[in-house]
1. Could you tally the net charge around residue 51, taking each other residue with its Cβ under 15 Å from the Cβ of residue 51, Lys/Arg +1 and Asp/Glu -1?
2. Label segment 40-110 by shape, choosing from rounded, prolate and oblate, from the square roots a ≥ b ≥ c of the eigenvalues of the Cα gyration tensor; if a/c is under 1.5 it is rounded, and otherwise prolate applies when a/b is larger than b/c, oblate when it is not.
3. Treat the count of other C-beta atoms within 10 Å as a stand-in for reagent exposure and order 49, 94 from fewest to most.
4. For 74, 91, 83, which order do you get if you count the other beta carbons within 10 Å of each Cβ and list the fewest first?
5. For a footprinting-style exposure proxy, rank 81, 41 by other Cβ within 10 Å, fewest first.
6. Once label points are set 7 Å from the Cα along Cα→Cβ at both residue 109 and residue 86, what is their separation, rounded to one decimal in nm?
Amino acid sequence: MKNTLRLTRSALLRIALPLACLATWAQPIEAGLQAITELAHVNGLAMACQEMGIAAQAKALMLRHAPKTARFGSAFDEGTHLSFLAQTRSSATCPDEPTLRLQLLALALTLQANLPAGPSNQTATKAP
């Protein structure tokens, strides 16, 4: 009975530790995905409002920070599309360029904290 209890405790620790590590690792990824979704919103607004410099910087941030997966790519593409359509179909005034630039800067900081760019990607595009 005592050996069974020890074995069960050992088995639970072997399972629980990797799961705890996985949960800790997943938090920045989810925060990064949220930031990519917000970045897509800024990108769609910038495109709809003819702020092509902002749109180019948003795309550069996406390429620099986001993992190269379908999940992140789809989130950016779909978010951009929805934001673009929402802006062009509404009568809302476009945000001015400094407002978009500030949003982009805040997202750049969030992305750096949650999805830091690898050394090989940092020279590929310039920061906003």
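Quick note: the coordinates plus some simple rules give every number you see, no bench work behind them. Fair warning: this is a prediction, and the values are worked out from it, not measured in the lab. All Cβ positions, glycine included, derive from the backbone under ideal geometry; neighbour counts span all protein chains shown.
1. 0
2. oblate
3. 94, 49
4. 91, 74, 83
5. Neighbour counts put them in this order, fewest first: 81, 41.
6. Result: 2.3 nm between the two label points.
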